[in-house]
Amino acid sequence: MKKLLVVGDSFCSPNQDTHSWHNKLKTDYVVINLGQNGVGQYKIHQQLMSVPVTKYDGVLMLTTSPYRIYVESNPFYDSTHSSHQNADLLYNDILHKQPGTTKDHITWWFENIFNLEHAEFQHWAIVNWDLHYLKKHNKPCCVVSFFEPTNSTDVKVEPLNQIWKKYPGSTNHLSTQGHDAAFQQIAQLLHKTFV
């Protein structure tokens, strides 16, 4: 079986649920899943760089929201947190935190300083760098996203946001039906890419 490296955010973070779309891929691939909850694109890049890609036949990259901001340590989760110890900052996540000075300061920063156009540019620059790196090593890569599409320049991204909208749930943000739909779409994409 081909070895598939999976990198991305909480939509692919590892779990023991056999109905998860990424666990279903194990019937056709040896899957090494480095996904993490709440991470931005730079930390997804770090996942990719943390292993020798030459050991894999291909990569499945989940891109996250371009509006997720890199932080070395998240003020809402410490390094011992069970699922979000590496989480970055996303405005919509911050809005759901308990009131307090930290939330107020970060919310103010997002509302008064943060620039969407710059964030999109930086996000796609990282994705393009990673794709160039994989191409240099002759490793095919499928790029998917459960977030709304943004200006991605020339990157071909398989949009999965309609699946999330239609089938929200508690495991990787999807219901069982959502995992089934995501698996079908991703399996077809991988089959086309790795033929």
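The values are calculated or read from the model by the stated rules, or taken from the named source; none is laboratory data. Being a predicted model, the structure only gives us computed values, none of them experimental. No Cβ is skipped: glycine too gets one built from the backbone with ideal geometry, and neighbour counts run over all protein chains shown. Surface areas here come from the heavy atoms of the whole protein model, side chains and all, with no ligands, DNA or RNA. Shrake-Rupley method; radii C 1.70, N 1.55, O 1.52, S 1.80 Å.
Here are the numbers for the structure shown:
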| quantity | calculated |
| --- | --- |
| Within segment 109-130, considering residues that are farther than 15 Å from Ile69 by Cα and out of contact with any strand residue (DSSP E or B) (no Cβ under 9 Å at 6 or more places or on another chain), the one surrounded by the most Cβ atoms within 10 Å (Cβ to Cβ) | Asn128 |
| Residue in segment 84-91 that is open to solvent by 50 Å² or more (accessible area, probe 1.4 Å), over 30 Å from Met1 (Cβ atoms) and more than 15 Å from the chain's Cα centre (by Cα) present | yes |
| Failed item, numbered, when Gln162 is tested on (1) touching a strand residue (DSSP E or B) at 6+ places or on another chain (Cβ under 9 Å); (2) within 20 Å of Ala187 (Cα to Cα) | (1) |
| Within segment 29-50, tally of residues that are in contact with a helix residue (DSSP H, G or I) (Cβ under 6 Å, 6 or more places away or on another chain) and either without any contact (Cβ under 8 Å) to a residue 12 or more places away in the chain or among the β-branched types (Val, Ile, Thr) (or both) | 1 |
| Pairs, first assigned to a helix (DSSP H, G or I) in segment 168-186, second among the hydrophobic types (A, V, I, L, M, F, W, C) and open to solvent by 60 Å² or more (accessible area, probe 1.4 Å), C-beta under 8 Å, six or more apart | Gly178/Trp164 |
| Residue match in segment 58-74 (condition: of a type in the set (Ser, Thr, Tyr), open to solvent by less than 30 Å² (accessible area, probe 1.4 Å), more than 16 Å from Val7 (Cα to Cα) and free of Cβ contacts under 8 Å to residues at least 40 places away in the same chain) | no |
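Yes/no per residue for (1) open to solvent by 90 Å² or more (accessible area, probe 1.4 Å); (2) of a type in the set (Ser, Thr, Tyr); (3) modelled with pLDDT under 95:
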{"position": "Thr107", "(1), (2), (3)": "no, yes, no"}
{"position": "Val157", "(1), (2), (3)": "no, no, yes"}
{"position": "Leu160", "(1), (2), (3)": "no, no, no"}
{"position": "Pro168", "(1), (2), (3)": "no, no, no"}
{"position": "Thr176", "(1), (2), (3)": "no, yes, no"}
